[in-house]
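J.: Quick one: structure below, then a few questions.
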Amino acid sequence: MNASLSNFFLFTTLFFTTTIVFSQEFQGKAYYFSKSTMELGKFGATMNEAQKKQIKERLKNRLEKTYILSFNKEESIFKEDEKVDAYSGATDTWGKNFTPGKQYKNIKTRELIQKQEFYGKQFLIKDNLLDINWVLGKETKQIGNYVCFKATATLLNTDLNWYNFSWNELRPNNKKEQTDSISKTGLDGTPLKMEEETIPTTIVTAWYSPQIPISQGPLEYWGLPGLILEVNVGNTTMLCSKIVMNPDEKLKIEAPQKGKEATKQEYKAIISGKMIEMRNNRGRRRSN
């Protein structure tokens, strides 16, 4: 059998399978396991293998996580299945300040509602779903019982990590302020052509299955002709380990309700301002 005929039978099988599933009123749960590699950089060069292993064990709660995606045709709830730290006997309180909270997506209204906690204060992020320009590929692979197709997209780092904070994010602003204070005209008075600043982006690779014909996925990933079962982004891989279709107990998919409302951009400004304030307060205490 040649490749073209094989592909025809594959797509035909998937078409009839997805038609049967989609014709039903269905719900489902997808369980994901996320694993990240840790780069120790120059600090790691001074450590032996035993020390590196010990640090990775202590940070296991941040490097390895499990999540649950509950979904129907139009809506989904994505949340972390929190684990207890083996060393402290507690959850990762510090890490919770910079990780995604309970997330509601509605692909019909293109609405995102996400609960975030920052140092004990509750926020309710309301914004549009991330606009993802997927490039569909022909490559396939099997994940569990599902045939998956590859798709890639290039996204801004700021879109991927708006709930996180890094001191490096403040440096371009300082550089811009310095640039603005310099004359932008040449000796003859004509405007100088400024080089465009490179905007950091990340390539995201997703594997989706048309056998579950909903445009949902983990985190903010969505918009493909099938449920996303695997995502590779940066040093993190998120893989679906189990799917339960039409569970006996009807799922309750409702958006979070409580918290101070803000957009992603407003929330980013809030946590950045708070981190700067905390740093300045520490500096004042040290100087006294």
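The values are calculated or read from the model by the stated rules, or taken from the named source; none is laboratory data. None of these values were measured; they are calculated from a predicted model. Cβ placement follows ideal geometry from the backbone for every residue including glycine, while neighbour counts extend to all protein chains displayed.
J.: Please indicate, with yes or no, whether at least one residue in the stretch 221-238 is among the acidic types (D, E), at pLDDT below 95 and either under 30 Å from V147 (Cβ atoms) or loosely packed, with under 15 Cβ neighbours inside 10 Å (or both).
T.: Within the stretch 221-238, not a single residue is among the acidic types (D, E), at pLDDT below 95 and either under 30 Å from V147 (Cβ atoms) or loosely packed, with under 15 Cβ neighbours inside 10 Å (or both).
J.: Quick check on the stretch 109-117. Is at least one of its residues over 16 Å from the mean Cα position of the chain (by Cα) and modelled with pLDDT under 95?
T.: Yes, that holds for at least one residue.
J.: Can I ask one more? Would it be correct to say that I276 is under 18 Å from I132 (Cα atoms) and modelled with pLDDT under 90?
T.: Against the criterion (under 18 Å from I132 (Cα atoms) and modelled with pLDDT under 90), I276 does not qualify.
J.: Still on this structure, please answer the following. Which count do you get for residues in the stretch 65-78 that are over 14 Å from P247 (Cβ atoms) and more than 14 Å from the chain's Cα centre (by Cα)?
T.: 4
J.: Does at least one position in the stretch 264-283 carry a residue that is under 26 Å from N157 (Cβ atoms), assigned to a strand (DSSP E or B) and either among the acidic types (D, E) or in contact with a strand residue (DSSP E or B) (Cβ under 7 Å, 6 or more places away or on another chain) (or both)?
T.: No, the stretch 264-283 has no match at all.
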